[in-house]
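The values are calculated or read from the model by the stated rules, or taken from the named source; none is laboratory data. Nothing here was measured: the structure is a model prediction, and the numbers come from that model. FYI the Cβ positions are ideal-geometry reconstructions off the backbone, even for glycines, and counts take in every protein chain you see. The area values use the complete protein model at the heavy-atom level, side chains included, leaving out ligands, DNA and RNA. Shrake-Rupley method; radii C 1.70, N 1.55, O 1.52, S 1.80 Å.
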Amino acid sequence: MTEHCIFCRIAQGETDTERLYASDDITAFRDLRPQAPTHILVIPNRHIASLDEAREDDAALLGRMMLVAQHLTAELGLDRGYRLVLNTGAQGGQSVFHMHLHVLGGRQMQWPPG
Ligand code: 5GP
Ligand code: ZN
């Protein structure tokens, strides 16, 4: 846990953010500034600053994050599709340096993304 990291605090239940999913190692919650009708963030509870800091030992954790996304989109009825985004580093558009998987749905996605 990194004391000043907002996503660490959300994972620890220290904020009033509603958690849509919470297990020993993964938490999911709604994005504060949604970019689609459904916009959820899936994070590891452990502070991993970005995908670049993930290691071989984290392979199962990374896989489970995707399965949590799959589970939530099914639960929320996004049966027409959705998009997963993992911004990494400044040029990748990452602004919060606690790794998170964006789950976006509920509208037609465009390609290429901005
Ligand atoms: P990034 O730009 O790093 O890929 O995404 C960070 C995301 O976190 C942004 O979409 C932003 O709206 C969201 N965010 C930042 N601070 C908070 C917060 O305190 N609570 C929630 N729920 N989302 C946040
Ligand atoms: Zn953190």
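So ASN45 fits all but one of (1) more than 17 Å from ASP58 (Cα to Cα); (2) away from ligand 1 (no atom under 12 Å from the Cβ); what number is the exception?
The failed condition is (1).
How do the pairs read when you match residues in segment 1-23 that are open to solvent by 40 Å² or more (accessible area, probe 1.4 Å) with residues anywhere that are part of a strand (DSSP E or B) and within 12 Å of ligand 2 (Cβ to nearest atom), using Cβ under 6 Å and keeping only pairs 6 or more apart or on different chains?
ARG19/THR27
Any residue in segment 62-82 that is farther than 17 Å from ILE26 by Cβ and touching a residue at least 12 places away in the same chain (Cβ under 8 Å) sitting within a Cβ distance under 9 Å of a residue that is among the hydroxyl-bearing types (Ser, Thr, Tyr) and in a helix (DSSP H, G or I)? List the pairs, counting only those 6 or more apart or interchain.
Listed pairs, sorted by first residue: GLY81/THR73; TYR82/THR73.
Give ALA90, ALA69, ALA28 a once-over and let me know the one that is out of contact with any Pro (no Cβ under 9 Å at 6 or more places or on another chain), surrounded by 14 or more Cβ atoms within 10 Å (Cβ to Cβ) and under 23 Å from PRO112 (Cβ atoms).
When all the criteria are applied, what remains is ALA69.
Based on what the data block shows, is LEU78 open to solvent by less than 50 Å² (accessible area, probe 1.4 Å), assigned to a helix (DSSP H, G or I) and of a type outside the set (S, T, N, Q)?
So LEU78 fails the test.
From (1) surrounded by fewer than 16 Cβ atoms within 10 Å (Cβ to Cβ); (2) assigned to a helix (DSSP H, G or I); (3) more than 14 Å from ligand 1 (Cβ to nearest atom), pick out the condition that doesn't hold for ASP52.
Unmet condition: (3).
Across segment 1-42, which residue is farthest from ligand 2 (Cβ to nearest atom) among those that are aromatic (Phe, Trp, Tyr) and touching a Ser or Thr at 6+ places or on another chain (Cβ under 7 Å)?
TYR21
Could you check how many residues of segment 93-114 are in a loop (DSSP other than H, G, I, E, B), open to solvent by less than 60 Å² (accessible area, probe 1.4 Å) and either among the basic types (Lys, Arg) or in contact (Cβ under 8 Å) with a residue 12 or more places away in the chain (or both)?
7
With the requirement that a residue be within 30 Å of GLU3 (Cα to Cα), within 12 Å of the chain's Cα centre (by Cα) and more than 16 Å from ligand 2 (Cβ to nearest atom), what does segment 71-101 give you?
Scanning segment 71-101 gives LEU72, LEU84, VAL85.
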